[in-house]
Amino acid sequence: MPWLLLLTLFSAARPQNTADLHQRILAIIDGRVAAGGQRSGEIRPAPEVGLAFLPLDGRSGLAIQPNKEFHAASTMKVPVMIELFRQAEAGLLKLDEPLAIKNEFHSIVDGSVYQLSVGDDSDAEVYKHAGKTMSLRDLNEAMITVSSNFAANLLIERLGVENIKATVARLGAGGMHVLRGVEDQKAFDKGLNNSTTAAALGVLMLKIARGEAVSPKADVEMAAILKRQKFNDGIPAGLPAGTPVAHKTGTITKIHHDAAIVYGPHPYVLVILVRGIQDQKVSAALMADISREVWNATQR
């Protein structure tokens, strides 16, 4: 589904029950923002939320600020995975081929070398393989399930950022902009950051859910990897225990995202992007509350 068509779906007239859901979600956002809000006399920008809800059974979806741009954080690892599987499908690489593990990357600003710090990453396992090799498959597993930045940078370097961009464009997810790997400080200082919109992430997750991102077989494998996600305090926390959910999170300071395929009697894609809440427990609770409301509204 092209990106503009997706936005048309969001803006179309909604049945009353979906309109009611929209209002309940807005009330949840207002309540959580107030609960985790400003101290007396403090002035700062209000937190922002972007949301895309896309049922897979043809029902109407809804959105809140679907084309507002956010720092992508680790959600940009979704298109990296898609490009990995695309290249494997095309015979350009094999998922089980080894890749040398070297902690040395180059800034997109001037080509200068920078390294990643294990203390700033979410996982230490890839660092233990420095000077050795890991398979592309294992690096992808680490990138998605424990959000390894080291694994992401290695894969981006191997796949080529221009190839990732081309795949994002082909899939119609024009609001997802992958410029570089993680922790390129010089690029960050110049405002050269990976960014996304809720609509763009919604397109990518919808493509995987429908078997249209790479191929039905590859997309089933990608969804299975996303189901092994280890950080589950956002969208999954609002679902009944045991509900299968394939998702990818992204967190940095005052940024907290989750993009999910939720499986149930009436499966759907749900993307929630949050900016401006310092305490991630508050932003996680906001996501869980929205997730619970969407589940309750759709599984009747």
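The values are calculated or read from the model by the stated rules, or taken from the named source; none is laboratory data. Nothing here was measured: the structure is a model prediction, and the numbers come from that model. Here the Cβ positions follow ideal geometry from the backbone for every residue, glycine too, while neighbour counts run over all protein chains shown.
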Would a scan of segment 217-229 turn up a residue that is over 18 Å from the mean Cα position of the chain (by Cα), touching a residue at least 40 places away in the same chain (Cβ under 8 Å) and more than 25 Å from L26 (Cβ to Cβ)?
yes
State whether the residues of segment 273-281 include one that is surrounded by fewer than 24 Cβ atoms within 10 Å (Cβ to Cβ), at pLDDT 95 or above, aliphatic (A, V, I, L, M) and under 16 Å from the mean Cα position of the chain (by Cα).
no
Could you please let me know if A237 is out of contact with any strand residue (DSSP E or B) (no Cβ under 8 Å at 6 or more places or on another chain), in a helix (DSSP H, G or I), without any contact (Cβ under 8 Å) to a residue 60 or more places away in the chain and surrounded by 15 or more Cβ atoms within 10 Å (Cβ to Cβ)?
yes
Out of (1) touching a Ser or Thr at 6+ places or on another chain (Cβ under 6 Å); (2) modelled with pLDDT of 95 or more; (3) buried (at least 17 other Cβ atoms within 10 Å of the Cβ), what's the single condition that is false for D123?
(2)
Residue count, segment 74-104 (criterion: more than 26 Å from H257 (Cα to Cα), touching a residue at least 12 places away in the same chain (Cβ under 8 Å) and out of contact with any His (no Cβ under 8 Å at 6 or more places or on another chain))
13
Can you pull out the helices (runs of 4 or more DSSP H) entirely within segment 55-168 that have at least 3 residues that are out of contact with any Cys (no Cβ under 9 Å at 6 or more places or on another chain) and over 21 Å from G250 (Cα atoms)?
77-89
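For the structure I just gave you, tell me whether V203 is of a type outside the set (F, W, Y), touching a residue at least 60 places away in the same chain (Cβ under 8 Å), crowded, with 23+ Cβ neighbours inside 10 Å and assigned to a loop (DSSP other than H, G, I, E, B).
Details: of a type outside the set (F, W, Y): yes; touching a residue at least 60 places away in the same chain (Cβ under 8 Å): yes; crowded, with 23+ Cβ neighbours inside 10 Å: yes; assigned to a loop (DSSP other than H, G, I, E, B): no.
No; evaluated as a whole, the condition is false for this residue.
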Is there any pair linking a residue in segment 124-152 that is touching a residue at least 12 places away in the same chain (Cβ under 8 Å) to one that is part of a helix (DSSP H, G or I) and among the hydroxyl-bearing types (S, T, Y), with Cβ under 8 Å and at least six apart or on different chains, and which?
S147/S74; N149/S74; F150/Y127; A152/S74
